[in-house]
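**Q** I'd like to ask you about the structure that follows.
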Amino acid sequence: VIVKGDTADGGCYFVRNTDPTNYVEIGREVSSAFYGFLKLLPGETSVGRLSTADIFAKANTAPVNLQYRILSP
């Protein structure tokens, strides 16, 4: 799970996949099923707005290095 800290009312996010080889998916988990809504290839970044739902990161084949920040709205 990507920890949102005290931003329970959503907020803005920044995510960077710093892994040189593998991609990572960002998404939600519902009843133990993962639903990805964002795929970051090696070196890619994404910025956007979050809802109040928890978000998860799922690596492709091996653990990845993920840099992220969650900012209060």
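The values are calculated or read from the model by the stated rules, or taken from the named source; none is laboratory data. Keep in mind the model is a prediction, meaning the values are calculated, not measured. For accessibility, only protein heavy atoms count, side chains too; no ligands or nucleic acids. Shrake-Rupley method; radii C 1.70, N 1.55, O 1.52, S 1.80 Å.
**Q** So, in the range 42-66, how many residues would count as being open to solvent by 80 Å² or more (accessible area, probe 1.4 Å) and of a type outside the set (Asp, Glu)?
**A** Let us first name the residues in the range 42-66 that are open to solvent by 80 Å² or more (accessible area, probe 1.4 Å), namely 47, 49, 52, 54, 58, 61, 63, 65.
Filter once more, keeping what is of a type outside the set (Asp, Glu): 47, 49, 52, 58, 61, 63, 65.
The qualifying residues number 7.
So that you can scan it fast, the table gives a plain yes or no per residue for (1) among the charged types (D, E, K, R); (2) assigned to a loop (DSSP other than H, G, I, E, B):
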residue: Arg28; (1), (2): yes, no
residue: Gly36; (1), (2): no, no
residue: Gly43; (1), (2): no, yes
residue: Val47; (1), (2): no, no
residue: Phe56; (1), (2): no, no
residue: Ile70; (1), (2): no, no
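**Q** Assess whether Val15 counts as being at pLDDT 90 or above and open to solvent by less than 50 Å² (accessible area, probe 1.4 Å).
**A** Yes, satisfied.
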